[in-house]
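**Q** First the structure, which I've put down as structure tokens, then a few questions once you've had a look.
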Amino acid sequence: MGWPLLIAAVLLAIGGPVACLYLWNRVKGRLAVAVRLFMIVMCQVFALLVGGVSLNHYFEFYASWSDLFGGGKGEGTPIEQVGAGGVGGGPVRFERTPKLDPDVYTATITGEHSGVRSRILVWVPPGYGSPANAHQTYPVVELLPGYPGTPSTWFHAVHGAVALKEAITTGRAHPFILVAPVTTVVHGRDTECVDFPGGPRVETWLTDDVRQAVTRAFRAQPDRGGWGLMGFSTGGYCAAKMAIRRPDLFSAAVTMQGDAVPQTPEVRRDHALFARNSVLDLLRAHRPPVSLLLAGTRQDRNSDQAINQIMPLVKPPTAAFLYVLPKGGHNASVWNSMLPQAYAWLSGRLSAPRPA
């Protein structure tokens, strides 16, 4: 779903009205009214199409036709992906995706703990492949998109890799490996990173399985001090929730305009499931040794409200920091503006690259 589809949609949106004007008085007979009505409807359809394709092109809600229609999920055992530029050993190899970014690798795996089969994107920082750094291990930031969204959103509408490279160059941040897994593991279902009774076990996929796949294939630091989470919108809620629930795996999380409680009706109807996945309920019951950066804007009432609900519940050794902008809606421009500060903050909480 790239430029060719967008250009085709624009041409249809322009050509539809032109064809309608040309044919309007040439349509005669009993079906003239029906044909004219059909032409009007098609012009409206083309206009909606170009709007939808433009939004998807910018935000990349769906990266492909299989993303949109739910195909390509598959089941079964992990597959070995072999080709030039692959990394990793064992049953899974990550392959380069130069169309997205020359430093991004991808693999489709079946999680050993969750049983979820889905895709992971991994970006390695400048110098990762240098022989001089062959024994260097790196901290990891796991990136979570909103819903609907795909991992590639972090390398398109939200400039996760570009912002980190700039922060590294200016000395504001040290190098991280960026890991962007699929969070919408069931097509059309906003699972909010929850382990559902009877499945799917999305949180287990995003914590245990993603971590295992990355540490096996890349020189990623395995301890909690080298792993953090960052997400926007629904992904921001997931980042805060999973850091609180799994302090054995993560030491810091950035939530950019994320909610404080689950919003999915399926979760809200189950009171026990809701409590296990509510940031507010978790903080009332636990004081995990994690640091949270709560980022939002005053104009985004939902995120502002979530921050105001979370802050009074934070007790040591949990720590919370605020990054609230005076203006800005709930969009990629705001999240991009937050990235430099977020990476600088994470660099102060996660370990730096170090020898293995």
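The values are calculated or read from the model by the stated rules, or taken from the named source; none is laboratory data. No experiment lies behind these values; they were computed from the predicted model shown. Please note: Cβ atoms are built from the backbone with ideal geometry, for glycine as well, and neighbour counts cover all protein chains shown. Quick note on the areas: whole protein, heavy atoms, side chains included, nothing else; ligands and nucleic acids left out. Shrake-Rupley method; radii C 1.70, N 1.55, O 1.52, S 1.80 Å.
**Q** List the number of the failed condition for Thr191; all other conditions in (1) over 20 Å from Phe94 (Cα atoms); (2) assigned to a loop (DSSP other than H, G, I, E, B); (3) open to solvent by 10 Å² or more (accessible area, probe 1.4 Å) hold.
**A** Status for Thr191: all satisfied but (3).
**Q** Then there is this: Scan segment 5-51 for residues that are among the small types (Gly, Ala, Ser) and in contact (Cβ under 8 Å) with a residue 40 or more places away in the chain and report the count. So that I can check it myself, show each step before the final result.
**A** Of the residues in segment 5-51, the ones among the small types (Gly, Ala, Ser) are 8-9, 13, 15-16, 19, 29, 32, 34, 47, 51.
Keeping just the survivors that are in contact (Cβ under 8 Å) with a residue 40 or more places away in the chain gives 9.
Adding up the residues that qualify gives 1.
**Q** Name the residues in segment 289-309 that are touching a Lys or Arg at 6+ places or on another chain (Cβ under 7 Å) and in a strand (DSSP E or B), would you?
**A** If the condition is that a residue be touching a Lys or Arg at 6+ places or on another chain (Cβ under 7 Å) and in a strand (DSSP E or B), then Ser291, Thr297 are the ones that fit.
**Q** How many residues does segment 142-184 hold that are under 21 Å from Ser114 (Cα atoms), in contact with a helix residue (DSSP H, G or I) (Cβ under 6 Å, 6 or more places away or on another chain) and not in a loop (DSSP other than H, G, I, E, B)?
**A** The total comes to 5.
**Q** Here is a further query. Only one of (1) open to solvent by 10 Å² or more (accessible area, probe 1.4 Å); (2) of a type in the set (Lys, Arg); (3) closer than 28 Å to Val186 by Cβ fails for Lys241. Which number is that?
**A** The number of the failed condition is (1).
**Q** Restrict the check to segment 286-298 and report whether at least one residue is under 24 Å from the mean Cα position of the chain (by Cα), farther than 25 Å from Thr170 by Cβ and open to solvent by 30 Å² or more (accessible area, probe 1.4 Å).
**A** Among the residues of segment 286-298, at least one is under 24 Å from the mean Cα position of the chain (by Cα), farther than 25 Å from Thr170 by Cβ and open to solvent by 30 Å² or more (accessible area, probe 1.4 Å), which makes the answer yes.
**Q** Here is a further query. If you scan segment 251-274, which residues turn out to be within 26 Å of His330 (Cα to Cα) and among the hydrophobic types (A, V, I, L, M, F, W, C)? Can you show your working first?
**A** To start, the set of residues in segment 251-274 that are within 26 Å of His330 (Cα to Cα) comprises 252-268, 274.
Listed by number, the residues that qualify are Ala252, Ala253, Val254, Met256, Ala260, Val261, Val267, Phe274.
**Q** Oh, and also: From Leu164, Leu121, which residue is under 22 Å from Arg219 (Cβ atoms) and touching a Ser or Thr at 6+ places or on another chain (Cβ under 7 Å)?
**A** Working: Leu164 fails: touching a Ser or Thr at 6+ places or on another chain (Cβ under 7 Å).
Just a single option satisfies the conditions, and that option is Leu121.
Residue-by-condition table, conditions (1) among the small types (Gly, Ala, Ser); (2) within 24 Å of Gly225 (Cα to Cα); (3) without any contact (Cβ under 8 Å) to a residue 24 or more places away in the chain:
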position	(1), (2), (3)
Lys241	no, yes, no
Pro247	no, yes, no
Ala252	yes, yes, no
His271	no, no, yes
Phe274	no, no, yes
Val290	no, yes, no
Gln309	no, no, no
Phe321	no, yes, no
Gly328	yes, no, no
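**Q** Within segment 269-288, track down each residue that is assigned to a helix (DSSP H, G or I) and either among the aliphatic types (A, V, I, L, M) or in contact with a Ser or Thr (Cβ under 7 Å, 6 or more places away or on another chain) (or both).
**A** Here is the first cut: in segment 269-288, the ones assigned to a helix (DSSP H, G or I) are 271-277, 279-285.
Scanning segment 269-288 gives Ala272, Leu273, Ala275, Val279, Leu280, Leu282, Leu283, Ala285.
**Q** Moving on to the next point. When residues of segment 315-342 are filtered for being modelled with pLDDT of 95 or more, surrounded by fewer than 16 Cβ atoms within 10 Å (Cβ to Cβ) and assigned to a loop (DSSP other than H, G, I, E, B), how many remain?
**A** Of the residues in segment 315-342, 3 are modelled with pLDDT of 95 or more, surrounded by fewer than 16 Cβ atoms within 10 Å (Cβ to Cβ) and assigned to a loop (DSSP other than H, G, I, E, B).
**Q** Give segment 5-49 a look and list any residue that's open to solvent by 50 Å² or more (accessible area, probe 1.4 Å) and among the small types (Gly, Ala, Ser), or say none.
**A** Residues of segment 5-49 open to solvent by 50 Å² or more (accessible area, probe 1.4 Å): 5, 7, 10-12, 14, 17-18, 21-26, 28-31, 33-38, 40-42, 44-45, 47-49.
Answer for segment 5-49, where residues must be open to solvent by 50 Å² or more (accessible area, probe 1.4 Å) and among the small types (Gly, Ala, Ser): Gly29, Ala34, Ala47.
**Q** Okay, next question. If you scan segment 252-273, which residues turn out to be touching a Phe, Trp or Tyr at 6+ places or on another chain (Cβ under 7 Å) and not β-branched (Val, Ile, Thr)?
**A** Within segment 252-273, Met256, Gln257, Gly258, Asp259, Pro262, Arg268 meet the criteria.
**Q** Return the pairs, sorted by first residue and then second, in which the second residue is open to solvent by less than 10 Å² (accessible area, probe 1.4 Å) and among the β-branched types (Val, Ile, Thr), the first residue lies in segment 214-238 and is under 14 Å from Ala180 (Cβ atoms) and without any contact (Cβ under 8 Å) to a residue 60 or more places away in the chain, the beta carbons are less than 6 Å apart, and the residues are 6+ apart or on different chains.
**A** Taking only residues 6 or more apart or on different chains, not a single pair turns up.
**Q** Which residue, of Ala275, Ala295, Ala252, is in contact with a strand residue (DSSP E or B) (Cβ under 6 Å, 6 or more places away or on another chain), closer than 23 Å to Asp208 by Cα and either among the hydrophobic types (A, V, I, L, M, F, W, C) or at pLDDT 95 or above (or both)?
**A** Values: Ala275 fails: in contact with a strand residue (DSSP E or B) (Cβ under 6 Å, 6 or more places away or on another chain); Ala295 fails: closer than 23 Å to Asp208 by Cα.
Within the list Ala275, Ala295, Ala252, the selection yields Ala252.
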